[in-house]
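Each remark here refers to the structure printed beneath this line.
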Amino acid sequence: MGATRPLAVLGNTARGLVRYLEGVLGADKYRVYLEHQGRDHPGITPMTEREFWRDYTDWQEKNPQGRCC
């Protein structure tokens, strides 16, 4: 029973680290987009993940900003 608490803390820490890294790397953009759509545009069907990433990369090509690659 005593080992359960440290494992729970470790699991929460790992989940937090993953979310942080997703944010830094941009992997959470689609999830954030879906949250925005649901909150601010509830009647509109959101893009699929594939459509979202295509639209996002097209936008990046048209609007170059400082980025590593």
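The values are calculated or read from the model by the stated rules, or taken from the named source; none is laboratory data. Only a predicted model underlies this, so the values are computations on that prediction, with no experimental measurement involved. Using ideal geometry, Cβ is built from the backbone for each residue, glycine included, and neighbour counts are taken over all protein chains shown.
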Q) Are any residues in the range 17-42 of a type in the set (A, V, I, L, M, F, W, C), surrounded by 11 or more Cβ atoms within 10 Å (Cβ to Cβ) and not in a loop (DSSP other than H, G, I, E, B), and if so, which ones? A) Val18, Leu21, Val32, Leu34
Q) Across the range 4-19, what is the total count of residues that are at pLDDT 85 or above and under 15 Å from the mean Cα position of the chain (by Cα)? A) 3
Q: List every residue pair whose Cβ atoms sit under 8 Å apart, with the two residues 6 or more apart in sequence or on different chains, where the first one lies in the range 46-59 and is surrounded by 10 or more Cβ atoms within 10 Å (Cβ to Cβ) and the second, anywhere, is of a type in the set (S, T, N, Q).
A: Pro46/Gln37
(Q) Given the criterion part of a helix (DSSP H, G or I) and of a type in the set (Ser, Thr, Tyr), identify the matching residue among Thr45, Thr57. (A) Thr57
Q) Out of the range 25-69, which residues are under 28 Å from Arg15 (Cα atoms) and of a type in the set (Gly, Ala, Ser)? A) Gly26, Ala27, Gly38
